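The values are calculated or read from the model by the stated rules, or taken from the named source; none is laboratory data. Every value quoted in this text rests on a predicted model; they were computed, and no experiment measured them. Quick reminder, even Gly has a Cβ in these numbers, built from the backbone with ideal geometry, and neighbours come from all protein chains shown. All accessible areas refer to the heavy atoms of the entire protein, side chains included, with ligands and DNA or RNA removed. Shrake-Rupley method; radii C 1.70, N 1.55, O 1.52, S 1.80 Å.
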Amino acid sequence: MAGHSTYVPKTAVGRWFESRLPIVGLIHSSFVVFPNPRNLNYLWTFGGILAFMLVAQIVTGITLAMHYTPHATMAFGSVEHIMRDVNYGWLIRYLHANGASMFFVAVYVHIFRGMYYGSYKAPREILWILGVIIFLLMMATAFMGYVLPWGQMSYWGATVITNLFSAFPVVGETIVTFLWGGYSVDNPTLNRFFSLHYLLPFMIAGVVVLHIWALHVPGSNNPAGIEKKTDKDTLPFHPYFTVKDALALVVFIMLYCWFVFYTPNFLGHADNYIEANPAVTPAHIVPEWYFLPFYAILRAIPDKLMGVLAMFGSIAVLAFLPWLDTSKVRSGSYRPMFRFFFWLFAVNAVILGWLGAKPADGLYVIASRICTAYYFGYFAILFILGFVEKPSKLPASIAESVLGRQGSAAAVGASAAAEPNTKG
Amino acid sequence: MATTAAEPTRRDFLFIATGAVGAVGIASAVWPFVSQMAPDAATVAAGAPVDVDLTPVAEGQILKLFWRGKLIFVRHRSAQEIKDAQSVDVASLRDPEADAKRVKAGKDQWLVVYGNCTHLGCVPLGNEGAYKGWFCPCHGSVFDTSGRIRQGPAPTNLPLPPYEFVSDTKIRIG
């Protein structure tokens with residue numbers, strides 16, 4: 001999407017087409033010759049993995065929609081019909097349900113990678129904010145998808161989450177009634193959630209296009225956090241990164257398949273195999289694992305409105321990260337103090353997730369409050385850190401960070417050994 | 001420009017008028033798409049009043065029923081439960097409301113409240129919690145025998161549905 005295209009079609013038909021719609025050249029410049037920093041590690045393969053997961057969810061989801069019935073009296077039965085009667089229905093449904101979890105596994109790695117290596121810093125702020133928007137759309141999609149089987153967890157999850165909006169003064173109750181299309185979660189709610197669950201992935205795909213577009217303006221950040229300066233700092237996307245991405249994807253799919261084939265319900269809740277009953281709430285209602293840290297923040301605050309605001313705020317604050325982190329150095333590898341607080345933040349997020357699954361009383365509530373305080377405190381610490389931290393010395397170039405000073409010198413000397421571009 | 005800066009031209013008028021008509025047009029086109037999200041006619045029609053016969057509800061029992069798709073508790077309170085509800089210092093409550101305001105005069109034994117927690121809508125469990133009213137298992141809200149919030153995150157008391165006694169043993173909800 002940037003002007004790197006050197007693509008010249010080999011055939012006359014190709015040239016005729018390219019002069020009318022230069023899409024092959026666009027793909028060529030974006031995913032074939034695009035110069036990536038040569039030091040990208042495996043954490044940079046999660047973008048590709050996420051693209052795969054989005055496609056996988058759309059393919060399995062559209063297939064499931066051919067067999068599913070979005071009606072309060074028939075939805076639960078139609079999911080069982082998919083599991084028992086439809087050829088390979090069990091496989092497609094388990095791929096879709098576990099696919100949602102794997103999608104979030106990948107997105108959390110992707111987000112934490114960006115946070116560690118400072119990928120949100122200038123000139124990549126818009127890229128980062130588009131990522132936060134994708135994350136929000138993913139959460140909305142996953143939530144509505146979880147409602148569709150119309151089990152007990154579906155129903156009560158929908159009730160609790162839609163009721164979050166009732167916390168807003170004056171208009172809250174009206175918003176909730178309009179979300180429900182009735183006076184409680186019922187068939188109209190299920191219908192519109194199905195419609196939106198089908199729509200949102202395509203909106204995600206649209207924002208992903210913008211995300212990649214914004215990425216290809218400055219190019220990828222890298223573990224050294226310094227910009228590419230010369231050709232020696234980069235390698236073409238194909239074959240170097242297509243192969244690296246493909247290897248990571250295959251390993252990731254193995255993990256995905258392990259869940260699908262060996263423990264497909266491990267990440268779900270048994271209560272969701274009981275049909276929705278508006279008269280009884282399950283004893284332990286918890287969201288899916290990927291929402292647990294935010295759920296813990298909601299429950300940590302003893303006030304309803306403040307709890308809801310804190311929960312939404314915990315996601316919204318990410319969008320402001322480019323301006324909350326005042327350090328000029330991008331990569332955490334060169335920020336000794338940052339590293340400590342970053343890893344504490346990561347551990348804190350995991351503990352919040354654990355607390356979100358625990359009952360909301362006693363020590364759990366106190367622990368949730370401490371962890372919530374640090375979650376928000378981290379962003380304040382980042383702000384101060386930029387002024388007080390002394391970063392370690394940055395490498396002079398990406399090539400130097402990979403090859404060391406000598407390798408860099410050799411590369412400058414145009415040595416063939418240090419110039420993979422010439423190998424093939 | 002310098003000569004007529006303060007004087008609106010015919011072009012300015014057309015610009016504003018066109019913009020205003022456009023804005024009204026967009027708003028009226030959007031309205032049906034917002035309005036369709038509201039409860040539909042069938043859902044509203046399902047809100048016709050329902051009669052509930054109280055004779056089979058024994059003392060201490062909590063009847064669950066639905067009106068307009070919403071869960072309602074009809075609780076037959078014991079003398080002790082009524083006393084507990086009445087003896088509370090109203091000023092000390094989060095959502096101050098006397099028990100007498102929450103039941104019909106002379107019908108202290110019958111408490112009729114919506115059955116969804118005012119926090120996030122779960123169904124509280126009857127005869128549980130520190131006040132033996134209701135306890136919500138989701139986020140730990142505790143209600144007393146008058147359905148008033150006493151502990152936990154819920155901001156308000158369990159609301160009362162509109163109802164009246166049509167006879168000594170029958171109520172009409174709605």
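Looking for whichever is surrounded by 15 or more Cβ atoms within 10 Å (Cβ to Cβ) and among the β-branched types (Val, Ile, Thr) here; the options are A:329, A:347. Which one fits?
After applying the criteria, what remains is A:329.
Looking at (1) crowded, with 18+ Cβ neighbours inside 10 Å; (2) within 14 Å of another protein chain (Cβ to nearest Cβ); (3) not small (Gly, Ala, Ser), which is the one condition that is false for residue B:88?
With respect to (1) crowded, with 18+ Cβ neighbours inside 10 Å; (2) within 14 Å of another protein chain (Cβ to nearest Cβ); (3) not small (Gly, Ala, Ser), residue B:88 is out only on (2).
Just one of the numbered conditions (1) touching a residue at least 12 places away in the same chain (Cβ under 8 Å); (2) in a helix (DSSP H, G or I); (3) surrounded by fewer than 16 Cβ atoms within 10 Å (Cβ to Cβ) is not true of residue A:229; which one?
It fails just one condition, (2).
Results for (1) among the β-branched types (Val, Ile, Thr); (2) free of Cβ contacts under 8 Å to residues at least 40 places away in the same chain, shown as yes or no for each residue.
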{"residue": "A:145", "(1), (2)": "no, no"}
{"residue": "A:152", "(1), (2)": "no, no"}
{"residue": "A:156", "(1), (2)": "no, no"}
{"residue": "A:170", "(1), (2)": "yes, yes"}
{"residue": "A:182", "(1), (2)": "no, yes"}
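Select from region B:97-135 the residues that are at positive phi and touching a residue at least 24 places away in the same chain (Cβ under 8 Å) and write down the one among them that is nearest to the other protein chains (Cβ to nearest Cβ).
B:127
Considering only residues that are at negative phi and within 12 Å of chain A (Cβ to nearest Cβ), which ones fall in region B:136-147?
B:136, B:137, B:138, B:139, B:141, B:142, listed by residue number.
Rundown of residues vs (1) closer than 21 Å to residue B:163 by Cα; (2) assigned by TED's automatic domain parsing to the domain that holds residue B:149; (3) more than 21 Å from the chain's Cα centre (by Cα); (4) among the hydroxyl-bearing types (Ser, Thr, Tyr), yes/no style:
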{"residue": "B:72", "(1), (2), (3), (4)": "yes, yes, no, no"}
{"residue": "B:77", "(1), (2), (3), (4)": "yes, yes, yes, no"}
{"residue": "B:80", "(1), (2), (3), (4)": "no, yes, yes, no"}
{"residue": "B:84", "(1), (2), (3), (4)": "no, yes, yes, no"}
{"residue": "B:93", "(1), (2), (3), (4)": "no, yes, no, no"}
{"residue": "B:97", "(1), (2), (3), (4)": "yes, yes, no, no"}
{"residue": "B:100", "(1), (2), (3), (4)": "yes, yes, no, no"}
{"residue": "B:105", "(1), (2), (3), (4)": "yes, yes, yes, no"}
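Can you go through A:404, A:313 and tell me which one is under 29 Å from residue A:133 (Cα atoms), away from chain B (no Cβ under 14 Å) and open to solvent by less than 50 Å² (accessible area, probe 1.4 Å)?
Within the list A:404, A:313, the selection yields A:313.
It is to be established whether one or more residues within region A:97-108 are open to solvent by 40 Å² or more (accessible area, probe 1.4 Å) and modelled with pLDDT under 95.
Checked against the condition, which is being open to solvent by 40 Å² or more (accessible area, probe 1.4 Å) and modelled with pLDDT under 95, region A:97-108 yields no hits at all.
Return a yes/no flag: does region A:166-177 have any residue that is more than 7 Å from chain B (Cβ to nearest Cβ), over 20 Å from residue B:136 (Cα atoms), part of a helix (DSSP H, G or I) and open to solvent by less than 20 Å² (accessible area, probe 1.4 Å).
yes
If you check residue A:308 against the conditions, is it at pLDDT below 95, buried (at least 16 other Cβ atoms within 10 Å of the Cβ) and under 23 Å from residue A:129 (Cα atoms)?
Yes.
I need a count of the residues in region B:42-67 that are within 14 Å of another protein chain (Cβ to nearest Cβ) and open to solvent by 80 Å² or more (accessible area, probe 1.4 Å).
2
Can you name the residue in region B:111-135 that is crowded, with 20+ Cβ neighbours inside 10 Å, modelled with pLDDT of 90 or more and hydrophobic (A, V, I, L, M, F, W, C) and is also farthest from residue B:87 (Cα to Cα) among such residues?
B:122
Please determine, by comparing only the residues of region A:267-285 that are open to solvent by 20 Å² or more (accessible area, probe 1.4 Å) and modelled with pLDDT under 90, which one is farthest from the other protein chains (Cβ to nearest Cβ).
The qualifying residue farthest from the other protein chains (Cβ to nearest Cβ) is A:284.
With region A:255-345 as the region, which helices (runs of 4 or more DSSP H) entirely inside it contain at least 1 residues that are farther than 15 Å from residue A:386 by Cα and free of Cβ contacts under 8 Å to residues at least 24 places away in the same chain?
A:304-319
Taking the stated definitions as given, is residue A:141 of a type in the set (Ser, Thr, Tyr), under 21 Å from residue A:202 (Cβ atoms) and surrounded by 21 or more Cβ atoms within 10 Å (Cβ to Cβ)?
yes
Does at least one position in region A:196-205 carry a residue that is part of a helix (DSSP H, G or I), of a type in the set (Ser, Thr, Tyr), surrounded by fewer than 21 Cβ atoms within 10 Å (Cβ to Cβ) and within 14 Å of chain B (Cβ to nearest Cβ)?
no
Just checking, which of A:115, A:102, A:83, A:53 is in a helix (DSSP H, G or I) and either touching a strand residue (DSSP E or B) at 6+ places or on another chain (Cβ under 9 Å) or closer than 18 Å to residue A:225 by Cβ (or both)?
Selected residue: A:115, the only one of A:115, A:102, A:83, A:53 that is in a helix (DSSP H, G or I) and either touching a strand residue (DSSP E or B) at 6+ places or on another chain (Cβ under 9 Å) or closer than 18 Å to residue A:225 by Cβ (or both).
Listed residues A:224, A:214, A:246; which is part of a helix (DSSP H, G or I), under 23 Å from residue A:112 (Cα atoms) and either at pLDDT below 95 or in contact with a Leu (Cβ under 9 Å, 6 or more places away or on another chain) (or both)?
Criteria check complete, one pass: A:214.
Which of (1) within 14 Å of another protein chain (Cβ to nearest Cβ); (2) in contact with a Phe, Trp or Tyr (Cβ under 7 Å, 6 or more places away or on another chain) is the odd one out, the single condition residue A:159 does not satisfy?
Exception for residue A:159: condition (2).
Just checking, does region A:290-313 include any residue being touching a strand residue (DSSP E or B) at 6+ places or on another chain (Cβ under 7 Å) and among the charged types (D, E, K, R)?
no
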